[in-house]
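The values are calculated or read from the model by the stated rules, or taken from the named source; none is laboratory data. What you are looking at is a predicted structure, and each value in this text was computed from that prediction instead of being measured. Because the Cβ atoms are built from the backbone with ideal geometry, glycine has one as well, and the counts that use them run over all protein chains shown.
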Amino acid sequence: MLRLFRHYIPVSFVLLVFVELLLFWGAIYLGAELRFLGSEIDNDLLPLWPKALLFASVMFLSLTAMGLYKNLYREGIEGTILRLGLSMLIALAAMSLVFYLVPHLFLGRGAFAWAFFIAVLGIILVRFFFMKFIDNESLKRRVLVLGAGKRAQQFKLLRRKGDQIGFKILGFVHVHGEHDVIPRENVIHIDTPLIDYAMQHHIQEIVVAIEDRRKSFPVEDLLDCKMSGIDVVDLQSFFERETGKVRLETLHPSWLVYSDGFRHIGFQHMVKRGSDIFASSLILFFTWPIMLAAAIAIWAESGFRGPVLYRQVRVGQNWRLFQVLKFRSMVINAEKDGTPQWAQKNDSRITRTGKFIRRSRIDELPQIFNVLRGDMSFIGPRPERPEFVEQLADKIPYYAERHRVKPGITGWAQVRYPYGASDEDAREKLQYDLYYVKNYSLFLDCLILFQTAEVVIFGQGAR
């Protein structure tokens, strides 16, 4: 794993991005050469590097927006082809718009057609070899788990093949005095020093998953392994790195205190506020016709009566209350008895227009004004109602910590987990929110923003 701006990225995917960026860049030059085969390239098309930079950027962003740098391995060839087709359509539309707005960047129909064809063919070949590459066992990091008790049982959550892209678990080492719950065939009993076993089996990383460290913690053995070049990490850090969330089941206050992250300095606040204003203003500029159409549709469906916007009290940064703005997607007086309710699947309170704007996330657009006003950020944990926050804080440990930052229109939990309508869903999403609060950076915000496009297009998690 490569840690970039406090966010973990598989090295294989970094390599994939690098190779495909080179492919997109080279496609422009090769396309121009094929178009003018046997003669010099037209001077009007030179220099080619600005066009290559534009083409590589647009192609990369369209692939990122379709989740092709996130879910490639899990979805297999069918899902990859679907997302690849959509990303190519988006890239083609974006390039056409840029050529219309900035004519001097136009490459010419023939050269661009060749470049686009080369890029598409190249992506298919690169992805084919990449899927073979990441499945190669010899290239995976060899991991040994120290412990076979209840904490080690957390590894059952990584049961899917796609959850173990970059590593391979060699086994679980029995610890004296600890009751094993891992299946017997996966438990290893070591009679030799730990360092000897690790060297003999080419172990690259040891994950410490011991139940009670006060009784049987092999400090000298682990120190010997560490000083011999073998990585030693605790279970919580391992799961944070591999899953992109902070596991509540294995979380101790001491880990939060001593771990890196949770740094929100003044300069970061300035940069985030500036990016919030820029992004919200830009989206408002492009989406105001959609917002106007949504408002008219909502008003017409309700018989030209009732509010178009829906105001609701939510909990903001440092538990400050504010009114969030959304397009009304439910019938008027959806909560007649005044009791707050989670939105359920196929909820009868949702109108026909509301169903569409919720699935397409258009109902969230008025929150742009909350961002401009400073109540929210563009990226952050989902703002919840105070009634739900109070209930969940009593049931779920560390739930209040998600309010250390401003809530957002979209966020890490929203792009990584579907819509939640239960305490268990709230618990699962909290783990992603804590990861965001701990590892916030502008890079992570940009990554979330691109992945939000995938969520909107595929309608993931909408109710």
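Looking across the stretch 82-102 at every residue that is more than 20 Å from Ile124 (Cβ to Cβ) and not small (Gly, Ala, Ser), the one that is surrounded by the most Cβ atoms within 10 Å (Cβ to Cβ) is identified as Phe99. Against the list (1) assigned to a helix (DSSP H, G or I); (2) modelled with pLDDT under 90; (3) within 17 Å of the chain's Cα centre (by Cα); (4) not small (Gly, Ala, Ser), the condition Leu16 fails is (3).
Scan the stretch 201-235 residue by residue and report those that are free of Cβ contacts under 8 Å to residues at least 12 places away in the same chain and among the acidic types (Asp, Glu).
To start, the set of residues in the stretch 201-235 that are free of Cβ contacts under 8 Å to residues at least 12 places away in the same chain comprises 213-214, 217, 219-220, 223, 226-227, 229.
Once the filter is applied, which keeps residues that are free of Cβ contacts under 8 Å to residues at least 12 places away in the same chain and among the acidic types (Asp, Glu), the stretch 201-235 yields only Glu220.
Within the stretch 363-374, residues that are over 18 Å from Gly274 (Cβ atoms) sit with their Cβ atoms under 6 Å from residues that are in a helix (DSSP H, G or I) and among the polar types (S, T, N, Q), at 6+ positions apart or across chains, in these pairs: Leu365/Thr287.
Among the residues of the stretch 217-236, is any in a loop (DSSP other than H, G, I, E, B), among the basic types (Lys, Arg), more than 26 Å from the chain's Cα centre (by Cα) and over 20 Å from Gln431 (Cβ atoms)? No. Hey, does the stretch 180-191 have a residue that's assigned to a helix (DSSP H, G or I), in contact (Cβ under 8 Å) with a residue 12 or more places away in the chain and over 23 Å from Arg3 (Cα atoms)? Checked against the condition, which is being assigned to a helix (DSSP H, G or I), in contact (Cβ under 8 Å) with a residue 12 or more places away in the chain and over 23 Å from Arg3 (Cα atoms), the stretch 180-191 yields at least one hit. Residue check: is Asp445 acidic (Asp, Glu), under 23 Å from Arg83 (Cα atoms), touching a helix residue (DSSP H, G or I) at 6+ places or on another chain (Cβ under 9 Å) and not assigned by TED's automatic domain parsing to the domain that holds Met66? So Asp445 passes the test. Of all residues in the stretch 381-416, those being in contact with a Lys or Arg (Cβ under 8 Å, 6 or more places away or on another chain) and either surrounded by 24 or more Cβ atoms within 10 Å (Cβ to Cβ) or outside any helix (DSSP H, G or I) (or both) number 11.
Please enumerate the residues belonging to the stretch 368-380 that are closer than 22 Å to Leu447 by Cβ, surrounded by fewer than 24 Cβ atoms within 10 Å (Cβ to Cβ) and not hydrophobic (A, V, I, L, M, F, W, C).
none
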